[in-house]
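Notes for the one structure printed next.
Derivation of every value follows stated rules applied to the coordinates shown; laboratory data play no part. These numbers were taken from a predicted model, which means no experiment stands behind them. When we count neighbours, we look across all protein chains shown, and the Cβ atoms used for this are built from the backbone with ideal geometry, even at glycine.
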Amino acid sequence: MCGIIGYCGEKSAAPIVLEGLKRLEYRGYDSAGIASLCDGRLLMKKDVGKIDEVNQKHNLGSLLGNTAIGHTRWATHGGVTQDNAHPHCDCKREIFVVHNGIIENHQPLRHRLERKYSFVSETDSEVIPHLIREFMDMGSSLEQAVCQAVKELRGSYAILAISASEPQKIVAARKDSPLVVGIGSGESFVASDVLSFLKHTNRVIFVEDGEIVSLNNDKVTIHDGEGRQIPREPQKVDWKWSGATKQGYEFFMRKEIMEQPWAMRCALMQDRGLIMEAAMDILRTRQVVLTGCGTSRHAALIGRYLFSKVGGKFSDVIMGSEFHHFSDSIHKDTLVIAVSQSGETADILEGVKKAKANGATILSIVNVVGSSLARLSDKVVYLNCGPEIGVAATKSFVSELVIFYLLAFAMINQLREGMRAIKSLSLLTRKNLNHNGAISPELAQGLKGKNDFYYIARGINFATAMEAALKAKEIAYVHAEGMPAGELKHGTLALIEQKTPVIAICPADYTFEETMSNVAEAKARGAFIIGVSDRNEESFDEWLKIPTVEEVFYPLVSIVPLQLLAYDLAVAKGLDPDKPRNLAKSVTVK
Ligand code: G6P
């Protein structure tokens, strides 16, 4: 998954595209490039490295012209090299293209096109400018050529194309990769997400699969694959640009961890009728299946416990990447609850599309307004937590949990009580952050030489162990496993040596005693025990104190010190927690 952005207007385009690329860097950051159109000439600079590195070397913003397209890459096909970086061009260097997605049939297309044109990169994307060239040579305009070219592509794409023969124009197309147009005054934008141009405009049009968009300053036209014009009014997005800045913090992740009390309150701002209806759907539907990837799957696992424990309703969680393999058992009596911060995770979209085709009802829990998942769903509950930029999800996790609490309490007709409880928990979360924020850097210093971490918990707390381990893996590059504490003795105990860190999430709830016996097993093998609990125990070598809350709410408070610990471990190791190697925030490829 990569990030793409284009600008067409009266201002100098490259600096605007460069700034937008920095906002898109969460989607990939192994190479970057910009191409601009100036007086009928195409100019281009690209290289490997993060955007700031490429910019320092090539001064990307200095490219002249009022029309430009840019790309930040996360390599899928072809190594991280300058030739493989985007934009890619045709042989005459008259057509430049940036692409996000994967062209599945690139090999046969390449074999055919190589008879006429020479390729310089190993990427799947390079077939696109050559295909456009082929159609333009037959007399097509840029727009017609893009339309003809995409008919030959299989796979997923969001494409922006510019041509020396059509100044002041960007042509864009999408299938299964996000693309949104921004309408300013005398200027327009097109990008992988709204954040990249939010500073300039919040009037947007979400592009649908199969549509071809032409941008010419503020004139934006949309056609379907048959060339029929599609009228579409822009809509307003109410995210604020300031939400996408660090506001004094060194890293976005720190800022996003610290703003969790606020995020919890924002997640409470829901249409109560919608929550009640969704809760009734959960109770009434024969089969309820939750799906999500990474952090969002962990939130879904906690949701499953809540539905059972509070609402008395059994449901199951299937991970996003496996979900479509279960489509045979998904039918009209199934409610699918799809959880995704971005709403663009390809694995989830694939499963949800199949479920929908089988007649299932789709309820989604999403942060990004207007995202592909939101638009596919019958009902959408938004997190309202503002942009999350750090690759490792933090505030979106607690916001997703809040939505699950609301649904569970609505199932027993106690929505108001649930809302009240979460409001007061948001105040406790502030204290929790302050207390653990002060002790976690020192603990991280002591642990920074360790390579293996085991997180254990039971019942409703087990997914917190999984989520905490994921945080440590993602940003501190350690081997970390989260598991139900009872499973330790079924294999993993063999890996415990002297001073191996075992993090036990054992609040003083119904899981406490059983988890403590697993702590004893690990301790007897020499483990270094870090207890996350409201109760201190002799067996703890370190104690991360959390507030005492009602049993069902422990996941909301016990994740906090563990997010901080992962963050502080990354910082202690000199790593950038916002941009972990090999990972991207929004995974729009399968
Ligand atoms: C990627 C990110 C994870 C995230 C997951 C799901 O793998 O690196 O941090 O949890 O995608 O993202 P979503 O936007 O669907 O919640």
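In terms of the mean number of neighbouring beta-carbon atoms within 10 Å, the peptides 264-272, 172-180 order highest first as 172-180, 264-272.
For region 16-31, 3J(HN,Hα) computed residue by residue from phi via the Karplus equation (6.51, -1.76, 1.60; θ = phi - 60°) reads 5, 5, 4, 5, x, 4, 4, 6, 8, 4, 4, 7, x, 8, 9, 6 Hz, glycine and proline entered as x. Counted over all Cα-Cα pairs of region 397-522, pairs farther apart than 24 Å make up 39 percent.
Sorted from greatest to least, the principal axis extents spanned by the alpha carbons of the chain come out as 78, 51, 42 Å. For SER31, the residues whose modelled amide H falls within less than 5 Å of its own, excluding neighbours fewer than 5 places apart on the same chain, are GLY49, ARG73. Using Cβ point charges alone (K and R +1, D and E -1), the dipole size of region 474-548 about the Cα centre works out to roughly 160 debye.
Normalising the Debye intensity of region 513-590 to I(0), with uniform scatterers on Cα atoms only, and taking log10 at q = 0.17, 0.19, 0.20, 0.26 Å⁻¹ returns -0.86, -0.95, -0.98, -1.19. If both residues of a DSSP beta bridge must be in the chain, then about 60% of such bridges are antiparallel. Amide H to amide H distances under 5 Å link GLY155 with GLU104, where only residues 5 or more positions off or on other chains count and H is placed in the peptide plane. Each Lys and Arg Cβ is given +1 and each Asp and Glu Cβ -1; about its Cα centre, region 3-237 then shows a dipole of about 240 debye. Structure note, pairs LYS92/LYS175; LYS423/LYS579; LYS236/LYS379; LYS151/LYS236; LYS448/LYS471; LYS499/LYS579: Cα-Cα distances above 22 angstrom occur for LYS92/LYS175; LYS423/LYS579; LYS151/LYS236; LYS499/LYS579. Peptides 559-568, 536-545, 350-359 ranked from most to least packed, by the mean per-residue count of other Cβ atoms within 10 Å: 559-568, 350-359, 536-545.
Taking only alpha carbon atoms, region 263-357 gives an Rg to Rh ratio of 0.96, where Rh is the Kirkwood radius. Of all aspartates and glutamates in the structure, the ones whose alpha carbon falls short of 15 Å from that of LYS169, not counting any fewer than 8 places away in one chain, are GLU10, ASP39, GLU94, GLU143, GLU187, ASP218. The amide H of LYS219, built 1.01 Å from its N in the peptide plane, has no neighbour under 5 Å, considering only residues 5 or more places off or on other chains. Rounded to the nearest whole Hz, the Karplus-based 3J(HN,Hα) values (6.51 cos²θ - 1.76 cosθ + 1.60, θ = phi - 60°) of region 103-118 follow the sequence 8, 5, 9, 5, 5, x, 5, 5, 4, 5, 6, 5, 5, 9, 10, 9, with x at glycine and proline.
Between 0 and 90 degrees, the angle of helix 142-151 with respect to the longest Cα principal axis of the chain falls at about 50 degrees. When each of the peptides 65-73, 291-299, 423-431 is scored by how many other beta carbons lie within 10 Å of its residues on average, the order from highest to lowest is 65-73, 291-299, 423-431. Across region 154-216, Cα-Cα pairs farther apart than 16 Å form 44% of the total.
In region 453-590, the alpha-carbon atoms span a convex hull of 122 Å³ per residue. Histogrammed with a bin width of 10 Å, the alpha carbon distances of region 3-237 distribute as 9, 38, 40, 13, 1 percent, first bin at zero. The calculated 222 nm mean residue ellipticity attributable to helices in the chain amounts to -11000 deg cm²/dmol, summing -39500 (n - 2.57) over DSSP H runs of n ≥ 4 and dividing by all residues. State the dimensionless ratio Rg/Rh of region 250-413 (Rg: radius of gyration of Cα atoms; Rh: Kirkwood radius). Expressed as Rg/Rh, it is 0.95.
Taking the Cα centre of the chain as reference, the dipole from Cβ charges on Lys and Arg (+1) and Asp and Glu (-1) amounts to some 580 debye.
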